[in-house]
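Visitor: After the structure tokens below, expect a handful of questions from me.
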Amino acid sequence: MRIHSRVALTICAAFALTTFGAQQPARADDTLATIKSRGKMVVGVKADYPPFGFLDGAHNVGIEIDVLHLVAKDLLGNPNAIEFVPVVSANRFQYLNTEKVDFLMATVTVTDARKKVVEFAAPDMKSGSGIMIKRSNQEIHDAPDLAGKTVVVVPGSTGEAWMKKSNPTAKLLVLPQTAEALSAVSGGRADAFVQDSALLIGLEATLQGSLFKVVGKDYEPAPAAATCRKGDTAMCDAITKVLVKAQKTPCPDISGNKTMTCLKAIYHKWIPSDPERFMP
Amino acid sequence: MWGGLWTLEITLTGIAGVLMVGIVGAAMRTSKSALARGLATAFTEFFRNTPPLVWIYFFFFALLGVGIKLPAVVAGTLALVFYQGAIAIEILRAGIEAVPSGQREAASALGLSPFEQFRSIVLPQAFRISLPALGNNLISLLKNTSLISAIGTIEITGIANDIIAIRLSSAELYLTLGAFYLVCVFILSTILRFTERRLARYGS
């Protein structure tokens, strides 16, 4: 018995040591070189986030995906040299820091707290928090109406942070992904879903629009950008260069006229009614 | 950490529920009534052969469709009780069948009613025989409470996930989380070992 415990303890200790030992800070200065020698970039993207990153059948599509095609074309000479890795808000930084992806293009809002632990490229979008409710709901019109209500948020999202700060009396229900959050609102488990207004507008424009509506404003709009590992400025600088170029050079829009910058043409393709609303 | 307390509370309620489901189900499974046997067999096969996560989602989301709105803790606990309970039924059934038939015949000769036979003669012996396997089932119940993190931040895994998503530091928190379960399971298995030794005094 006693010997067994000692063996077990030793094994536990060895496990703990190797786990801590393996946790080296990400060596992050050569991602750009890695991408170029590999001929492909591996990017963490959203797959449940229209119109920024979502799935059309088995294909990743959306505004951020189109921006990535520009980046791949510029850095690797092939717009399709991308491997998309789907991430959600709750796990995206783990994917980045454990080097499962080269960088993130996953609607990451730029905040001071995050600047301490990751690098950001120039913003490619901006979004505030928004409120989505059932179409039949007549009680909630604006942020103050959420007081005392049950509000569903996704962990690690700016919506969660905004609710905690601006509306502490609301009851938060934290669910892992968009799909569960929408089920919770449609089933009456929560009164509202608070998340990036850009996503909510995107969802409203799809089939979900018959069930849900967006109310209120874009609360505390903030830029979002591609995200690289701490110290990996070369990677993010390269992305910034592509973005700066995309904001200057004209590109053909869907009808072939070269009247817009490349970035605006992308936004116009996905949000024709109001392309500027979420542009950086 | 309130999450830790919730994990323990769900586990304790769950243990009570699993034992109840297990005992009633095993009694039905070994009874003379074909209806009771059929019901218990159907229940066992249905819940044992499906992943508990499916039932957690079912009780939390799908029941809303028929107007039943269970709180997340209740939905999660029920799902786990049904799943681990189905396994407990099988474990206890094996225990009951391992009790020599002479025991029941002797009890019957003494004039005990079928219910008294089951309660005072068969079940105590079956319980002692089944305890090691039953203990494993209860330990797996404790660990499976982490699945409830899928429907919100109630118990400790859900809360840890939320903190990780905000603070971006995963290794330390996952290790702490692992240590928490390790300590809890160690305590639970110690209690089970103690109970086993106590019951062994009565011989077999």
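Visitor: Could you say which residue among B:Arg119, B:Arg93 is crowded, with 17+ Cβ neighbours inside 10 Å, among the basic types (Lys, Arg) and assigned to a helix (DSSP H, G or I)?
Guide: Only one candidate qualifies: B:Arg93.
Visitor: Another question, if that's okay. Go through (1) of a type outside the set (Phe, Trp, Tyr); (2) farther than 30 Å from B:Ile68 by Cα; (3) within 10 Å of chain B (Cβ to nearest Cβ) for A:Gly187 and report which single condition fails.
Guide: Of the numbered conditions (1) of a type outside the set (Phe, Trp, Tyr); (2) farther than 30 Å from B:Ile68 by Cα; (3) within 10 Å of chain B (Cβ to nearest Cβ), the odd one out for A:Gly187 is (2).
Visitor: Looking for something out of contact with any Pro (no Cβ under 7 Å at 6 or more places or on another chain), within 21 Å of B:Leu147 (Cα to Cα) and in a helix (DSSP H, G or I) - is there at least one such residue anywhere in the range B:23-32?
Guide: No; the residues of the range B:23-32 include none that is out of contact with any Pro (no Cβ under 7 Å at 6 or more places or on another chain), within 21 Å of B:Leu147 (Cα to Cα) and in a helix (DSSP H, G or I).
Visitor: Something else now. Since A:Leu68 meets every condition but one in (1) at pLDDT below 95; (2) in contact with a strand residue (DSSP E or B) (Cβ under 6 Å, 6 or more places away or on another chain); (3) aliphatic (A, V, I, L, M), which condition does it not meet?
Guide: Result: A:Leu68 passes all but (1).
Visitor: Which residues, taken from the range A:97-154, are in contact with a Leu (Cβ under 7 Å, 6 or more places away or on another chain), closer than 24 Å to A:Ala184 by Cα and of a type in the set (D, E, K, R)?
Guide: Residues satisfying the conditions are A:Lys134, A:Arg135.
Visitor: Would you point out which residue out of A:Val215, A:Val244 is out of contact with any Pro (no Cβ under 9 Å at 6 or more places or on another chain), at negative phi and either part of a strand (DSSP E or B) or within 14 Å of chain B (Cβ to nearest Cβ) (or both)?
Guide: A:Val215 is the lone residue from the list that is out of contact with any Pro (no Cβ under 9 Å at 6 or more places or on another chain), at negative phi and either part of a strand (DSSP E or B) or within 14 Å of chain B (Cβ to nearest Cβ) (or both).
Visitor: Right, another one. Among all residue pairs at least 6 apart or on different chains, which show Cβ distances below 7 Å where the first residue, located in the range A:241-262, is touching a residue at least 24 places away in the same chain (Cβ under 8 Å) and closer than 15 Å to A:Asp124 by Cα and the second is assigned to a loop (DSSP other than H, G, I, E, B) and of a type in the set (Ser, Thr, Tyr)?
Guide: A:Cys262/A:Thr249
Visitor: Residue by residue through the range A:115-141, note down the ones that are buried (at least 23 other Cβ atoms within 10 Å of the Cβ) and over 29 Å from A:Asp102 (Cβ atoms).
Guide: If the condition is that a residue be buried (at least 23 other Cβ atoms within 10 Å of the Cβ) and over 29 Å from A:Asp102 (Cβ atoms), then A:Gly130, A:Ile131, A:Met132, A:Ile133 are the ones that fit.
Visitor: Could you identify the single residue in A:Thr150, A:Thr178, A:Thr158 that is β-branched (Val, Ile, Thr) and surrounded by fewer than 20 Cβ atoms within 10 Å (Cβ to Cβ)?
Guide: Only one candidate passes the filter, namely A:Thr150.
Visitor: Related question: Under 8 Å by Cβ, and 6 or more places apart or on different chains, what pairs join a residue from the range A:130-145 that is closer than 17 Å to A:Asp196 by Cα with one that is acidic (Asp, Glu) and surrounded by 13 or more Cβ atoms within 10 Å (Cβ to Cβ)?
Guide: Hits for this filter: A:Gly130/A:Asp196; A:Gly130/A:Asp218; A:Met132/A:Glu204; A:Ile133/A:Asp191.
Visitor: Which residues, taken from the range B:84-129, are of a type in the set (A, V, I, L, M) and over 20 Å from the mean Cα position of the chain (by Cα)?
Guide: B:Ala98, B:Val99, B:Ala106, B:Ala107, B:Ala109, B:Leu110, B:Leu112, B:Ile121, B:Val122
Visitor: Can you tell me which residue in the range A:263-276 is farthest from A:Lys126 (Cα to Cα), limited to those that are touching a residue at least 40 places away in the same chain (Cβ under 8 Å) and not in a loop (DSSP other than H, G, I, E, B)?
Guide: A:Lys269
Visitor: Tell me whether the range A:191-210 contains one or more residues that are touching a Ser or Thr at 6+ places or on another chain (Cβ under 9 Å), without any contact (Cβ under 8 Å) to a residue 24 or more places away in the chain and surrounded by 22 or more Cβ atoms within 10 Å (Cβ to Cβ).
Guide: The answer is no; no qualifying residue exists.
Visitor: Hey, another quick one. Restricted to the range B:55-73, and to residues that are more than 16 Å from A:Ala181 (Cβ to Cβ) and assigned to a loop (DSSP other than H, G, I, E, B), which residue is nearest to the other protein chains (Cβ to nearest Cβ)?
Guide: Result: B:Lys69.
Visitor: Which condition number in (1) assigned to a helix (DSSP H, G or I); (2) more than 29 Å from A:Pro275 (Cα to Cα) is the one that A:Gly231 fails?
Guide: It fails just one condition, (1).
Visitor: Ok, one more. Which residues, counting only those in the range A:129-174, are hydrophobic (A, V, I, L, M, F, W, C), part of a loop (DSSP other than H, G, I, E, B) and away from chain B (no Cβ under 14 Å)?
Guide: Across the range A:129-174, the qualifying residues are A:Ile140, A:Ala147, A:Ala170.
Visitor: With the requirement that a residue be farther than 29 Å from A:Lys36 by Cβ and either within 18 Å of the chain's Cα centre (by Cα) or not hydrophobic (A, V, I, L, M, F, W, C) (or both), what does the range A:234-263 give you?
Guide: Residues satisfying the conditions are A:Asp253, A:Ser255, A:Gly256, A:Asn257, A:Lys258, A:Thr259.
Visitor: Right, something else. What about B:Ile166, is it out of contact with any His (no Cβ under 6 Å at 6 or more places or on another chain) and closer than 29 Å to B:Phe59 by Cα?
Guide: yes
Visitor: Of everything in the range A:71-105, what is at pLDDT below 95, more than 11 Å from every other protein chain (Cβ to nearest Cβ) and buried (at least 21 other Cβ atoms within 10 Å of the Cβ)? Give them in sequence order.
Guide: Across the range A:71-105, the qualifying residue is only A:Val87.
Visitor: Determine whether the range B:190-198 contains at least one residue that is farther than 30 Å from A:Thr98 by Cβ, among the hydrophobic types (A, V, I, L, M, F, W, C) and in contact (Cβ under 8 Å) with a residue 24 or more places away in the chain.
Guide: Yes, the range B:190-198 contains at least one residue that is farther than 30 Å from A:Thr98 by Cβ, among the hydrophobic types (A, V, I, L, M, F, W, C) and in contact (Cβ under 8 Å) with a residue 24 or more places away in the chain.
Visitor: Only one of B:Ile159, B:Ile148 is touching an Asp or Glu at 6+ places or on another chain (Cβ under 6 Å) and within 24 Å of B:Pro51 (Cβ to Cβ). Can you tell me which?
Guide: That would be B:Ile148, the only listed residue that is touching an Asp or Glu at 6+ places or on another chain (Cβ under 6 Å) and within 24 Å of B:Pro51 (Cβ to Cβ).
Visitor: Helices (runs of 4 or more DSSP H) wholly in the range A:54-128 with at least 3 residues that are aliphatic (A, V, I, L, M) - which ones?
Guide: Counting at least 3 such residues, we get A:63-76.
Visitor: Identify all residues within the range B:155-171 that are surrounded by fewer than 23 Cβ atoms within 10 Å (Cβ to Cβ), outside any helix (DSSP H, G or I) and either facing chain A (nearest Cβ under 7 Å) or in contact (Cβ under 8 Å) with a residue 12 or more places away in the chain (or both); write none if there are none.
Guide: Correct list: B:Leu168, B:Ser170.
The values are calculated or read from the model by the stated rules, or taken from the named source; none is laboratory data. All values derive from a computational prediction rather than experimental measurement. Cβ atoms come from the backbone with ideal geometry, glycine included; neighbour counts cover every protein chain shown.
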